Amino acid sequence: MIDLVFLGPPGAGKGTYAKKLKEILGIPHISTGDIFREAVASGTELGERVKNILDRGELVPDDIVNEVVRERLSRPDCERGFILDGYPRTVDQAKALDEMLEEMGKDLTWSIFFDVPEEVIVQRITNRRICPKCGRIYNLLTSPPKEDNLCDVCKVPLIQREDDKEEVVRKRYKVYMENTFPVIGYYEEKGKLRKIDGTVGLDKVVKEVLRLVDKDQNATRD
Ligand code: ADP
Ligand code: ZN
């Protein structure tokens, strides 16, 4: 069982790393941001409730997020493990997650903090473009699509998330420092935190994460 939490500022690359690692590790990638955006796009009741909050770059209330995650973790594909990306984002959410895991008889493997400075973040996010069809993430500066503004695979025009505009990015960073930064300390105190430099590039970061979880698997095998 590999149960991971990915922590870090918006734009640290959590989603990109998770998409790669879910294939390698064969465990689901659960992004609360993706869940909310899908709900907004398909106009569900949940979507109606969170749309304005997302557009402003604010946090969805804890009880709503906790319920969404509880339901998702109860599905059978999470039995072998999961990568939680974008949750927990407050200390209260971290406590709620602890309760869920205890009920499920699980013990968190690691909470991994991807460290990236604010200037790098703003640069990355404002240049981020997404394929509306397959969800692939591009960066106009560091990993541009082969053809101008078209997804390499689907050939459809890439889009910019509403909350990826600079003003909202700065707001999200502020919300992160106020609410989510303390979650790092929460896991550190429990001896559950590992830190990875999030500026060294996708391949190196993925390797680092695999080194972390590999060690655990070997340790439990001994
Ligand atoms: P980011 O790129 O900032 O990590 P996400 O895709 O994770 O963005 O989340 C987008 C938005 O969804 C957040 O700005 C917030 O409004 C909402 N959201 C996602 N996860 C949570 C959470 N755990 N708690 C509260 N709000 C959340
Ligand atoms: Zn695509």
For this session: Would you mention how many residues in the range 194-203 are in a loop (DSSP other than H, G, I, E, B) and within 18 Å of Gly86 (Cα to Cα)?
Result: 1
Exercise. Does any residue of the range 198-215 turn out to be touching an Asp or Glu at 6+ places or on another chain (Cβ under 6 Å) and on the phi < 0 side of the Ramachandran plot?
Worked result: yes
For this session: Output the residue which, of all residues in the range 176-205 that are of a type in the set (A, V, I, L, M, F, W, C) and closer than 26 Å to Ser143 by Cβ, is surrounded by the fewest Cβ atoms within 10 Å (Cβ to Cβ).
Result: Val200
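To keep it simple, each residue is scored yes or no on (1) within 15 Å of ligand 1 (Cβ to nearest atom); (2) of a type in the set (A, V, I, L, M, F, W, C); (3) modelled with pLDDT of 95 or more.
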residue	(1), (2), (3)
Met104	no, yes, no
Leu140	no, yes, no
Val156	no, yes, yes
Val169	yes, yes, no
Pro182	yes, no, yes
Exercise. Taking the stated definitions as given, is Ile137 within 16 Å of ligand 2 (Cβ to nearest atom) and touching a residue at least 40 places away in the same chain (Cβ under 8 Å)?
Worked result: yes
For this session: From Asp77, Asp152, Asp85, Asp148, grab the single residue that is buried (at least 18 other Cβ atoms within 10 Å of the Cβ) and charged (D, E, K, R).
Result: Asp85
Exercise. Quick one: how many residues across the range 127-173 are more than 20 Å from Tyr17 (Cβ to Cβ) and in contact with an Asp or Glu (Cβ under 6 Å, 6 or more places away or on another chain)?
Worked result: 2
For this session: Answer yes or no: is there a residue in the range 56-74 that is closer than 19 Å to Val213 by Cβ and out of contact with any Asp or Glu (no Cβ under 6 Å at 6 or more places or on another chain).
Result: yes
For this session: Mind listing whichever residues of the range 20-43 are without any contact (Cβ under 8 Å) to a residue 24 or more places away in the chain, surrounded by fewer than 17 Cβ atoms within 10 Å (Cβ to Cβ) and within 15 Å of ligand 1 (Cβ to nearest atom)?
Result: Glu38, Ala41
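The values are calculated or read from the model by the stated rules, or taken from the named source; none is laboratory data. These figures come from a predicted structure and were not determined experimentally. Positions of Cβ are backbone-derived with ideal geometry, glycine not excepted, and every protein chain shown enters the neighbour counts.
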